[in-house]
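*Asks:* This is the structure, below, for whatever I ask next.
The values are calculated or read from the model by the stated rules, or taken from the named source; none is laboratory data. Keep in mind it's a predicted model, so treat the numbers as computed, not measured. Reconstructed Cβ throughout: ideal geometry from the backbone, glycine too, with neighbour counts over all protein chains shown. In case anyone asks, the SASA skips ligands and DNA or RNA and just uses the protein heavy atoms, side chains included. Shrake-Rupley method; radii C 1.70, N 1.55, O 1.52, S 1.80 Å.
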Amino acid sequence: MPAGKKLSERLSGPAVTGILLVLATVLGLGCASTSLAPLYHALLAWVPFPAFPLTLASWISEGLMGVFFTTLALEIKHDLLVGPLASPRRAALPLVGAVGGMAVPGAVAAFCGSAFLNLAGVPALQGWAIPTATDAAFTVPILASLPRIPGNLRAFLMALAIFDDLGAIVIMALFYGHSPHLVILAAALVPLLCMGLLAWRKTPQLWAYLPFTLILWVLLLRAGLEPTLAGVVLGFCLPLQSGHRLNRQLALPVGLVILPLFAFVSTGVDLRLFTPAFLAAAPFLGPALGLTLGKPLGVCGAVWGVNRLGLLPAMPGVQGRWLLGMGMICGIGFTMSLLIASLAFTGALPLMQARLGVLMGSLIAALTGWLTLRRACQLSTSSAHSPSG
């Protein structure tokens with residue numbers, strides 16, 4: 001039993017999930033860029049249940065991803081209540097970094113939307129939020145692959161990613177729903193209040209929440225809002241102990257199945273369409289520049305600024321080249337960025353450009369961040385072994 005448990009934990013770890021996401025991305029790109037493209041797009045457009053007209057791609061991005069959002073909310077709740085973010089003093093600096101790391105990329109993407117070539121009929125600022133989130137599924141394995149990474153840097157990055165995820169959830173709820181159907185939205189308050197009552201009474205049984213979660217999911221979908229928010233509500237309503245148990249049970253299917261499936265359906269960019277006009281369009285430039293330039297500028301600038309002004313004490317290990325490298329790898333958006341892109345753009349071409357911008361920006365951020373941190377590790381090792389050290 002302990003050996004099986006250990007194997008399960010390894011399979012659901014960020015390293016395995018990151019590898020599967022890369023493989024799923026390559027598979028999606030391959031299918032969309034070859035003679036398999038018609039079959040690939042027909043599969044994604046397939047409606048499995050005609051009585052409930054959602055395509056297979058929608059069932060994955062709006063249905064299965066709700067399970068992912070449940071685990072995300074469970075992790076955020078745990079860290080805010082009893083984890084590293086429970087102390088305002090420890091959470092303050094990562095929060096500042098997260099705010100800067102969302103505001104500056106959003107501003108860069110908004111500038112690209114208004115200043116660069118755009119597509120007719122695509123609102124200029126529609127994709128401003130795509131580069132605002134950091135994907136912990138890739139950033140954690142990058143840190144784990146390098147020796148001598150300061151412990152404070154790892155903790156800072158995890159806390160920043162949590163705040164990023166929370167901010168992305170708020171952004172999707174506020175800015176990327178359609179014009180809501182007010183009557184249905186009012187009806188959604190009923191299961192929401194029922195779940196709140198269960199949470200207030202600290203009801204531990206998952207089965208008590210599930211019917212209201214499913215009803216809330218359907219009503220949010222019908223109302224024109226993002227239905228995966230039902231998973232967020234479930235995660236925040238469950239008591240800590242029940243939530244911890246559920247999170248462990250969901251880790252394997254989320255890491256091995258749900259996230260790779262989402263990557264497969266969300267990265268179908270036809271690489272044969274590359275032209276200068278394709279790469280100069282705002283839906284591509286916003287995410288690409290927001291992730292590669294906006295993220296490190298926002299994260300590093302915010303942390304450096306508050307430390308320089310003496311508003312918050314500096315955190316050892318979150319300075320200099322370490323801080324710069326970490327700010328760069330924060331530009332790996334991927335999962336949340338792809339999800340926001342699918343909400344921001346409905347047209348096939350701008351959506352494809354936005355997805356390519358996310359992929360290119362995340363790849364460049366990963367490479368530059370890894371090289372910068374690797375150089376910091378080498379300098380740290382040289383300093384430790386020098387006669388003066």
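*Asks:* Does Ala57 fit the bill of being under 16 Å from Asp135 (Cα atoms), buried (at least 20 other Cβ atoms within 10 Å of the Cβ) and either among the small types (Gly, Ala, Ser) or touching a Leu at 6+ places or on another chain (Cβ under 8 Å) (or both)? Working first, answer last.
*Replies:* Working: under 16 Å from Asp135 (Cα atoms): no; buried (at least 20 other Cβ atoms within 10 Å of the Cβ): yes; either among the small types (Gly, Ala, Ser) or touching a Leu at 6+ places or on another chain (Cβ under 8 Å) (or both): yes.
No: the conditions fail for Ala57.
*Asks:* Turning to a different aspect of this structure: Restricting the search to the range 317-353, which residues are in a helix (DSSP H, G or I) and either in contact with a Leu (Cβ under 6 Å, 6 or more places away or on another chain) or among the hydroxyl-bearing types (Ser, Thr, Tyr) (or both)? Lay out the reasoning, then the answer.
*Replies:* Taking the range 317-353 as the starting set, the residues that turn out to be in a helix (DSSP H, G or I) are 320-329, 335-344, 348-353.
Scanning the range 317-353 gives Trp322, Gly325, Met326, Thr335, Ser337, Ser342, Pro350.
*Asks:* Return yes when Ala187 is touching a Leu at 6+ places or on another chain (Cβ under 9 Å), modelled with pLDDT under 95 and farther than 23 Å from Thr55 by Cα and no when it is not.
*Replies:* Working: touching a Leu at 6+ places or on another chain (Cβ under 9 Å): yes; modelled with pLDDT under 95: yes; farther than 23 Å from Thr55 by Cα: yes.
Judged against the criteria, Ala187 is a match.
*Asks:* Let me ask something else about it. For the structure I just gave you, tell me whether Ser382 is modelled with pLDDT under 85 and in a helix (DSSP H, G or I). Lay out the reasoning, then the answer.
*Replies:* Details: modelled with pLDDT under 85: yes; in a helix (DSSP H, G or I): yes.
Yes: the conditions hold for Ser382.
*Asks:* Sticking with this one: Regarding the range 271-282, can at least one residue be identified that is part of a helix (DSSP H, G or I) and buried (at least 24 other Cβ atoms within 10 Å of the Cβ)? Give the derivation first.
*Replies:* Step one: of the range 271-282, the residues part of a helix (DSSP H, G or I) are 271-273, 276-280, 282.
Keeping just the survivors that are buried (at least 24 other Cβ atoms within 10 Å of the Cβ) gives 282.
Yes.
*Asks:* On to the next question. Just wondering, is there one or more residues in the range 87-109 that are in a loop (DSSP other than H, G, I, E, B) and open to solvent by 20 Å² or more (accessible area, probe 1.4 Å)?
*Replies:* Going residue by residue through the range 87-109, those that are in a loop (DSSP other than H, G, I, E, B) are 87.
In the following step, the residues that additionally are open to solvent by 20 Å² or more (accessible area, probe 1.4 Å) were identified as 87.
Yes, because at least one residue in the range 87-109 is in a loop (DSSP other than H, G, I, E, B) and open to solvent by 20 Å² or more (accessible area, probe 1.4 Å).
*Asks:* What number of residues within the range 137-149 satisfy the criterion of being over 18 Å from Val303 (Cβ atoms) and either open to solvent by less than 10 Å² (accessible area, probe 1.4 Å) or in a helix (DSSP H, G or I) (or both)?
*Replies:* Taking the range 137-149 as the starting set, the residues that turn out to be over 18 Å from Val303 (Cβ atoms) are 137-138, 140-142, 144-148.
If we keep only those that are either open to solvent by less than 10 Å² (accessible area, probe 1.4 Å) or in a helix (DSSP H, G or I) (or both) too, we end up with 137-138, 140-142, 144.
Selection size over the range 137-149: 6.
*Asks:* Leu343: open to solvent by less than 40 Å² (accessible area, probe 1.4 Å), of a type in the set (A, V, I, L, M) and under 18 Å from Met158 (Cα atoms), yes or no?
*Replies:* Values: open to solvent by less than 40 Å² (accessible area, probe 1.4 Å): yes; of a type in the set (A, V, I, L, M): yes; under 18 Å from Met158 (Cα atoms): no.
Against the criterion (open to solvent by less than 40 Å² (accessible area, probe 1.4 Å), of a type in the set (A, V, I, L, M) and under 18 Å from Met158 (Cα atoms)), Leu343 does not qualify.
*Asks:* Filter the range 70-86 for residues that are within 29 Å of Asn152 (Cβ to Cβ) and assigned to a helix (DSSP H, G or I) and give the result. I'd like the intermediate steps shown before the answer.
*Replies:* In the first step, residues of the range 70-86 are kept if they are within 29 Å of Asn152 (Cβ to Cβ); the result is 71-86.
Listed by number, the residues that qualify are Thr71, Leu72, Ala73, Leu74, Glu75, Ile76, Lys77, His78, Asp79, Leu80, Leu81.
*Asks:* Using beta carbons and a limit of 8 Å, which pairs, at least six apart or on different chains, have the first residue in the range 21-42 and closer than 14 Å to Phe334 by Cβ and the second one open to solvent by 70 Å² or more (accessible area, probe 1.4 Å) and assigned to a helix (DSSP H, G or I)?
*Replies:* Leu29/Leu271
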